[in-house]
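What follows is a short report on a single structure.
The values are calculated or read from the model by the stated rules, or taken from the named source; none is laboratory data. Note that the structure is a prediction, hence the values are computed from the model and not measured. Counting neighbours? That spans all protein chains shown, and the Cβs are built from the backbone with ideal geometry, glycine included. Ligands, DNA and RNA are excluded from the accessible area calculation, which covers all protein heavy atoms including side chains. Shrake-Rupley method; radii C 1.70, N 1.55, O 1.52, S 1.80 Å.
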Amino acid sequence: MQSTSGDYELLYWDVAARSQLQFKSAMRDVTWNTQTCVFGFHVFGMWQQGADGHDILSCSASGSRALLASADTHGKVNLFRFPCSTFQAPGHVYPGHGSHVTSVSFLHGDDWLISTGGMDCSVIQWQVVQPAQKHSTKRTHKDYYKPPTKSRNSSTSMLSVIEEFLPEEPGSRNGGRTAVTDAATQTSRPGSPDKASRNTSPQPPPDPVQEENKLIQQLVDSLFLNN
């Protein structure tokens, strides 16, 4: 157990032995269930410039150990982050009482804070509102990845584009352009021999992916030959 007094003293007690602990260094790494003492390493940041040992009358840490509330003699309730171990830590000040605030305490769940006044004899209930989360505008790898969309005529369009860049072969019909089989309609364009006249047996339709790969390879070979 911890206790403080008006002479700025912080003492530790062994409740089971009902005695005071003399070696304070042994309590340095102890995790306390509650934090209501106004002096200590985890709360010294709530003392602002010019404050003496009587300005803060009470303090309370939230159950989640995320917030620290304090009550002062100026009728204000102050809110800090816990642990408040920074010299003159920044915080929020909330007026409301007409005189000094005697005590503050978080309720179960940390959604509400209760403060009691002195001469005004008032009890104020404060709601703890979490700040809204800001949506980051920074792009991630998911924003740049888009799954490929399947188009019905994508193979035909690619074949048509590649055909325009293929070099003309000498001796071919229709101005020397090589005939290309349309993968979508399965029909032969002008300039290609009719396969049905040569072979009456049904032939499996050509694979559009293979046709596209062949045309890409022809285009690459022609570019290397021209250079």
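Points to keep in mind about this one:
- Looking across 64, 25, one residue alone is of a type outside the set (D, E, K, R) and open to solvent by 80 Å² or more (accessible area, probe 1.4 Å). It is 25.
- Hits in the range 103-127 (condition: part of a strand (DSSP E or B) and of a type outside the set (Val, Ile, Thr)): 103, 105, 106, 112, 113, 115, 117, 125, 126, 127
- Among the residues making up the range 107-134, those that are open to solvent by 90 Å² or more (accessible area, probe 1.4 Å) and among the polar types (S, T, N, Q) are 125, 127, 130, 133.
- Residues that are open to solvent by 80 Å² or more (accessible area, probe 1.4 Å) and not aliphatic (A, V, I, L, M) occur at least once in the range 71-78.
- When restricted to residues that are over 12 Å from residue 83 (Cβ atoms), surrounded by 14 or more Cβ atoms within 10 Å (Cβ to Cβ) and in contact (Cβ under 8 Å) with a residue 40 or more places away in the chain, the range 37-56 contains 3.
- Filter pass, residue 57 being aliphatic (A, V, I, L, M) and over 16 Å from residue 33 (Cα atoms): yes
- Index of the failed condition, residue 59 passing every other in (1) crowded, with 20+ Cβ neighbours inside 10 Å; (2) over 24 Å from residue 12 (Cβ atoms); (3) not aromatic (Phe, Trp, Tyr): (2)
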